[in-house]
Amino acid sequence: MKLLERDSSLDQLRAIYRELDNGRGHSIFITGEAGIGKTALVNTFLQEVGHRNPVLLGMCDSLFTPRPLGPLYDISLQLGEDFRALLGSEPDKSIIFTHFIQQLNQLNGPAILVFEDIHWADAATLDLIKFLGRRINRLPCMFVLTCRDRELNREMPLPVLIADLPPDHYTRLSLEPLSEKAVDRLAQQAGYSGQEVYQLTRGNPFFVREILADYSLGIPETVKDSVLAVFNKGDQAVKDLWEMVCLLPGRIELWLLELLNPDCVEILLACIDAGILVGDGRSIAFKHDLYRRIIEESLPALKRRVLNKKILELMLQHGDETIEPARLVHHARNAEDFKKVAELAPRAARQAAKLHAHREAADLYREALQYAGDQPPETRAELLEQCAYEYYLTNQIESAKTCQEKALVIWRQTGTSMREGNALRFLSRLNWFSGDGPRAEALAQEAVSVLENGFPTRERALAYSNLAQLKMLAEASEACLYWGQRAIDLAQKLQDDEVLAHALNNVGTTRIMNREFADLGEQNLLESLQLSLKNGYNEHVARAYTNLGSSFTSSRFYQKAAQQLTAGIAFCREHDLDSWTYYMLSWQARLYLETGAPAKAEEIAVDLVEHTGKYSTTRVTALVVLGQLQLRRGDTDALRLLNEAKELALATAEVQRMAPALVGLLEYYWVYHPDQIPQALTDWAMDLRTRIGNRWLYSDLEYWIWRCGIAPVDPAGLMTGYQLEIGGNAAAAAEAWRAKGCPYFQALALTGGTETDQRAALELLEQLGASAVVQRLKLRMRSEGIRRIPRGRQQRTRENPAQLTARQLEVLKLLRNGLQNKEIAEQLFISAKTVDHHISAILAKLEVDSRAKAVAEARSLGIFE
């Protein structure tokens, strides 16, 4: 059937293809519902140009757990034995990605690389897509990807993946159903009623094709009836083959088919001629996965089980080293051979983890645990701990805690004190990540007690270092240095670089926040970073970058902070360390807010609040950033955000969480209700100021205690800008903040200066979009008798005059097109709740109260131009 209503999409593909001659690669995401014609569009395009260029085709399959790097395994058949051997050796995925790029550069001409059905992709494949997508404009490659946008798994970071790609490096083609007019034309050619066909199919091309196929006997009640009518008309040999093939998602290797049915060649050729199966000389598949699924679902459960058992047995007899373990697990589960699942799933999980597909690894360990009831208790405990670690790496902290707690019970029952102590130590870490600081410390102390047996063991060194880390986070400097030094001494005695890197990180972070020992602390952290990079201790690399970046941000060394956070975020994304990526992003948002980039800060903070766990420490930082940004701008949601941050911070019992939340609330009341600060808030401030050992946090809190008039403040020992302003030298304070690169505090300092200084403050605050603070300052200026106060920029002429974020601009343009929240969410790969938040922010920034008025105001400001 000829493609209809796809000319514009084909033209876009042709235009992008022509750019390959100029050496510019490009990515194309072709999206739409199942059966909409994504594969048909790609195949039509490849028929036009595929003979001129190498074509590499990889598939993502609808297995219970996706194959790590499944598309690359498919493509490896075309790239030769060396590349397939590299995949089989399971090196670090960065090595695989680099070698793949080298292969692309060595092909005979620019390549057309196709990844089908990436809605089923594993995390490692998504990382590969991101890796290629960021470099595609420098590669001789047209990268075509198809996906069902309505079947995206929210746990899979595809929206984040697309958002991370440079906008000029990719194009999105969204395919729509056929119009009623097109369906009517096709139906009339087949002698059917176009209206009936359209009502049944709603214009889905696959459904239309099946209804109108030559083998159809009139219009069936459903498309499923049409497919099954064809299946039932076939002779027994054909039906036997289809039944076997339908149980093998994706493309099936010909060698495997020959094992399953040695006499299948003639039947295969007939099915390919009839258009039911498609082949490429090495493998075959049904013409569409919907077709395969309809036949699979029609099979009796017993028959599915028997056939899957046969497939599994033949795969294992052939040599399971040639088949990805995830495929074996899929067929073992469908065969209900749960003993085999328990045997195979851990191996598949280890392979996934090695390729940094940690989400898939966690799923496979969970699968193994489901059927590990008759395994020895020690084996179950080890599986639980491995599953907990994979959950931890993918920011599924509550699930990680559940697994680790079960493992701890087993180690206690078996009387294995070394394993018990180690389990307590990691459970302590997990509780810290979920925001329960007191529980984390109690578990850490218990771990040390269990392991304090006099023997120089690695487990004891780790327990010391973990306790040092918690003391560092709680601002208990002396205790941190005590336990940290014990960990360092024991690690050096054991010659254990990993424990040494962890302990150096803890003591370094404590020292860097102390002005007297800051240089030594930075040296400790950099030593930890280099040790970790050298030995491939990825999580410790992440910790070192995190503590360097957050420490430099807190101490207002913004250039150093930006360097460390940028490098750290890139490293963690490259190595699939989601928890650390989110945590550093929260500090990057803080950095942007303080250095005068509120739109960038908001973009990050909104995404983190949407995607981080309800009780995570990352969420505290993101909520405070978003709350402060909104209170300065005048948004009504600011107090709710800051109160949520306060509750989460109190649960951690950590000063480094509580102080920023308290500072945000004090700033809120200073802006809106300076004479009505709640007594509970002032009591909290007076208590917390006595417990802070960190100079930078102490300076922030003291400044806002002074601003709010809660108590007298001694400026000695505070940060320079605060010292000068509290001491009455507004101009010098403003200059100190300007030199640091912190315009908001520069403006606040200027508000205490001359009339000229105050006018300069107004200008700075307007540039930052701090409308509520502007209004507060104007009221004070009027009360002081200052005249001719600037009214502000009524005709705003700055680029992006409303200071909308990139995402808000996208939402606004879709509002102009009349889309509703759900439709906008589908277009942008975000949730409807996030769309609602963006629309609220748009209304506030444009100072209007409806969507229609927002569009009108945007037009008047020239935003759409």
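Only one of the numbered conditions (1) at pLDDT 75 or above; (2) open to solvent by 50 Å² or more (accessible area, probe 1.4 Å); (3) closer than 18 Å to Ile863 by Cβ is violated by Gln808, and that is (2). For the range 545-564, taking the residues that are of a type in the set (A, V, I, L, M, F, W, C) and within 22 Å of Val655 (Cβ to Cβ), the one that is surrounded by the fewest Cβ atoms within 10 Å (Cβ to Cβ) is identified as Phe557.
Of all residues in the range 20-40, those satisfying the criterion of being in contact with a strand residue (DSSP E or B) (Cβ under 8 Å, 6 or more places away or on another chain) and assigned to a helix (DSSP H, G or I) are Leu20, Lys38, Thr39. Residues considered: Arg573, Arg543. Of these, the only one that is closer than 30 Å to Glu360 by Cα, basic (Lys, Arg) and in contact with a His (Cβ under 8 Å, 6 or more places away or on another chain) is Arg543. Among the residues of the range 6-35 satisfying the criterion of being in contact with a Leu (Cβ under 8 Å, 6 or more places away or on another chain) and modelled with pLDDT under 85, which is least open to solvent (accessible area, probe 1.4 Å)? So the residue we want is Gly35.
Residues checked against (1) surrounded by fewer than 16 Cβ atoms within 10 Å (Cβ to Cβ); (2) small (Gly, Ala, Ser):
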residue: Arg366; (1), (2): no, no
residue: Asp374; (1), (2): yes, no
residue: Pro377; (1), (2): yes, no
residue: Ala388; (1), (2): no, yes
residue: Ala400; (1), (2): no, yes
residue: Ala407; (1), (2): no, yes
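Under the condition of being in contact with a strand residue (DSSP E or B) (Cβ under 8 Å, 6 or more places away or on another chain), under 12 Å from His169 (Cα atoms), in a helix (DSSP H, G or I) and not β-branched (Val, Ile, Thr), the residues counted in the range 116-143 number 3.
Only one of the numbered conditions (1) out of contact with any Cys (no Cβ under 7 Å at 6 or more places or on another chain); (2) buried (at least 23 other Cβ atoms within 10 Å of the Cβ) is not met by Tyr537, and that is (2). Scanning the range 14-44 for residues that are free of Cβ contacts under 8 Å to residues at least 60 places away in the same chain and among the hydrophobic types (A, V, I, L, M, F, W, C) yields a count of 1.
Report, by residue number, each residue of the range 716-729 that is surrounded by 18 or more Cβ atoms within 10 Å (Cβ to Cβ) and not in a helix (DSSP H, G or I). Correct list: Leu718, Met719. Comparison of Val713, Val773 shows that the only residue that is open to solvent by less than 30 Å² (accessible area, probe 1.4 Å), touching a residue at least 12 places away in the same chain (Cβ under 8 Å) and in contact with a Leu (Cβ under 8 Å, 6 or more places away or on another chain) is Val773. For the residues Ala599, Ala605, the requirement of being out of contact with any Cys (no Cβ under 9 Å at 6 or more places or on another chain) and either at pLDDT 90 or above or basic (Lys, Arg) (or both) singles out Ala605. One residue alone among Val197, Val183 is open to solvent by less than 40 Å² (accessible area, probe 1.4 Å), β-branched (Val, Ile, Thr) and modelled with pLDDT of 80 or more, and that residue is Val183. Can you find a residue in the range 695-706 that is over 39 Å from the mean Cα position of the chain (by Cα) and not hydroxyl-bearing (Ser, Thr, Tyr)? Yes.
Among the residues of the range 263-310, the ones that are under 35 Å from the mean Cα position of the chain (by Cα), in a helix (DSSP H, G or I) and either at pLDDT 80 or above or buried (at least 20 other Cβ atoms within 10 Å of the Cβ) (or both) come to 8 in all.
Scanning the range 651-679 for residues that are within 29 Å of the chain's Cα centre (by Cα), over 20 Å from Leu608 (Cα atoms) and open to solvent by 20 Å² or more (accessible area, probe 1.4 Å) gives a single hit, Ala653.
Kindly list the number of the only condition in (1) touching a helix residue (DSSP H, G or I) at 6+ places or on another chain (Cβ under 7 Å); (2) open to solvent by 40 Å² or more (accessible area, probe 1.4 Å); (3) aliphatic (A, V, I, L, M); (4) over 23 Å from Ala468 (Cα atoms) that fails for Met418. Going through the list (1) touching a helix residue (DSSP H, G or I) at 6+ places or on another chain (Cβ under 7 Å); (2) open to solvent by 40 Å² or more (accessible area, probe 1.4 Å); (3) aliphatic (A, V, I, L, M); (4) over 23 Å from Ala468 (Cα atoms), Met418 breaks only (4). Just one residue in the set Ala734, Ala716 is at pLDDT below 95 and of a type in the set (A, V, I, L, M, F, W, C); that residue is Ala716.
For the range 483-501, the criterion of being out of contact with any Ser or Thr (no Cβ under 9 Å at 6 or more places or on another chain), in contact (Cβ under 8 Å) with a residue 12 or more places away in the chain, assigned to a helix (DSSP H, G or I) and within 27 Å of Lys534 (Cβ to Cβ) is met by at least one residue. The residue of the range 438-482 that is modelled with the highest pLDDT, among those that are in contact with an Asp or Glu (Cβ under 9 Å, 6 or more places away or on another chain), closer than 14 Å to Thr510 by Cβ and in a helix (DSSP H, G or I), is Leu467.
Listed here are the residues, each with its yes/no results for (1) out of contact with any Cys (no Cβ under 9 Å at 6 or more places or on another chain); (2) small (Gly, Ala, Ser).
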{"site": "Ala372", "(1), (2)": "yes, yes"}
{"site": "Gln375", "(1), (2)": "yes, no"}
{"site": "Ala388", "(1), (2)": "no, yes"}
{"site": "Lys406", "(1), (2)": "yes, no"}
{"site": "Asn422", "(1), (2)": "yes, no"}
{"site": "Val450", "(1), (2)": "yes, no"}
{"site": "Glu459", "(1), (2)": "yes, no"}
{"site": "Ser477", "(1), (2)": "yes, yes"}
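Within the range 761-768, the presence of a residue that is at pLDDT 90 or above, under 20 Å from Trp704 (Cα atoms), over 40 Å from the mean Cα position of the chain (by Cα) and surrounded by 15 or more Cβ atoms within 10 Å (Cβ to Cβ) is excluded.
Of all residue pairs spaced 6 or more apart or on separate chains, those with beta-carbon atoms under 9 Å, a first member in the range 671-697 that is in contact (Cβ under 8 Å) with a residue 60 or more places away in the chain and over 18 Å from Leu631 (Cβ atoms) and a second member that is among the basic types (Lys, Arg) and in a helix (DSSP H, G or I) are Arg695/Arg515.
Restricting Leu56, Leu41, Leu46 to those that are crowded, with 17+ Cβ neighbours inside 10 Å, in contact with a Lys or Arg (Cβ under 6 Å, 6 or more places away or on another chain) and hydrophobic (A, V, I, L, M, F, W, C) reduces the list to Leu41.
Of all residues in the range 565-600, those that are open to solvent by less than 30 Å² (accessible area, probe 1.4 Å), over 17 Å from the mean Cα position of the chain (by Cα) and hydrophobic (A, V, I, L, M, F, W, C) total 3. The set of residues in the range 68-94 being in contact (Cβ under 8 Å) with a residue 12 or more places away in the chain and hydroxyl-bearing (Ser, Thr, Tyr) consists of Tyr73, Ser94. Within the range 41-92, the set of residues being assigned to a loop (DSSP other than H, G, I, E, B) and polar (S, T, N, Q) comprises Asn53, Ser62, Thr65, Ser89.
The values are calculated or read from the model by the stated rules, or taken from the named source; none is laboratory data. Every value quoted in this text rests on a predicted model; they were computed, and no experiment measured them. All Cβ positions, even for glycine, are placed from backbone atoms using ideal geometry, and neighbour counts span all protein chains on display. Just the protein is used for accessible areas: all its heavy atoms, side chains included, with ligands, DNA and RNA removed. Shrake-Rupley method; radii C 1.70, N 1.55, O 1.52, S 1.80 Å.
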